[in-house]
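Peer 1: I'd like to ask some things about the structure below.
The values are calculated or read from the model by the stated rules, or taken from the named source; none is laboratory data. Since this is a predicted model, take the numbers as computed values, not measurements. No Cβ is skipped: glycine too gets one built from the backbone with ideal geometry, and neighbour counts run over all protein chains shown. Please note that ligands, DNA and RNA were not included when accessible areas were found on the heavy atoms of the full protein model with its side chains. Shrake-Rupley method; radii C 1.70, N 1.55, O 1.52, S 1.80 Å.
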Amino acid sequence: MINQVTLVGRLTRDPELRKTTDGLPVTSVTLAVSRQFRNQHGEIEADFVQCTIWKKAAENTVQYCRKGSVVGVTGRLQTRHYDNKEGKRVYVTEVVAESIRFLGAKPSYTPAEPPPAVTVMKEELPFA
């Protein structure tokens with residue numbers, strides 16, 4: 001059997017790192033993936049796909065990606081269910097990432113310049 005998914009899209013929000021009770025790093029992201037056609041109004045719609053990223057890939061995603069970052073995800077489709085507070089069964093379909101590629105430009109980090117030195121005379125101090 002084959003269960004493989006490959007997506008390229010933009011993150012809809014900044015990823016946040018969580019840890020399982022066993023200490024494994026994990027992040028869940030939503031990937032906005034544009035459709036290949038326009039709707040009746042001439043607009044390109046998108047699908048919003050839930051993705052779960054584990055271990056070092058999760059840590060790297062949180063460190064290097066932000067809302068709007070373009071990423072490529074390869075993984076497997078997984079479904080699960082749980083009962084919510086009202087006792088209703090909720091089904092979840094998500095992509096469990098096996099690899100992630102950061103496709104957008106690297107963020108440009110410029111070291112902040114230190115603030116200019118200010119000389120204060122002793123007479124100017126209010127508590128002297």
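Peer 1: Which members of segment 33-69 meet the condition of being of a type outside the set (S, T, N, Q), assigned to a strand (DSSP E or B) and either closer than 25 Å to residue 2 by Cβ or at pLDDT 95 or above (or both)?
Peer 2: Matches in segment 33-69: 33, 35, 47, 48, 49, 51, 53, 54.
Peer 1: Can you tell me how many residues within segment 84-102 are in contact (Cβ under 8 Å) with a residue 24 or more places away in the chain and either open to solvent by 90 Å² or more (accessible area, probe 1.4 Å) or among the polar types (S, T, N, Q) (or both)?
Peer 2: The number of residues fulfilling the criteria is 4.
Peer 1: Working only within segment 52-74, note down all residues that are closer than 11 Å to residue 16 by Cα and of a type in the set (Gly, Ala, Ser).
Peer 2: 58
Peer 1: Same structure, new question: Can you pull out every residue in segment 1-30 that is in a strand (DSSP E or B) and either of a type in the set (Ser, Thr, Tyr) or open to solvent by 70 Å² or more (accessible area, probe 1.4 Å) (or both)?
Peer 2: Answer for segment 1-30, where residues must be in a strand (DSSP E or B) and either of a type in the set (Ser, Thr, Tyr) or open to solvent by 70 Å² or more (accessible area, probe 1.4 Å) (or both): 6, 8, 10, 18, 19, 27, 28, 30.
Peer 1: Here is a further query. Filter segment 1-28 down to residues that are of a type in the set (A, V, I, L, M, F, W, C) and free of Cβ contacts under 8 Å to residues at least 40 places away in the same chain and give me whichever is farthest from residue 76 (Cα to Cα).
Peer 2: So, considering only residues that are of a type in the set (A, V, I, L, M, F, W, C) and free of Cβ contacts under 8 Å to residues at least 40 places away in the same chain, the one farthest from residue 76 (Cα to Cα) is 24.
Peer 1: Out of the residues in segment 61-83 that are under 17 Å from residue 102 (Cα atoms), of a type in the set (S, T, N, Q) and surrounded by fewer than 16 Cβ atoms within 10 Å (Cβ to Cβ), state the one that is farthest from the chain's Cα centre (by Cα).
Peer 2: 74
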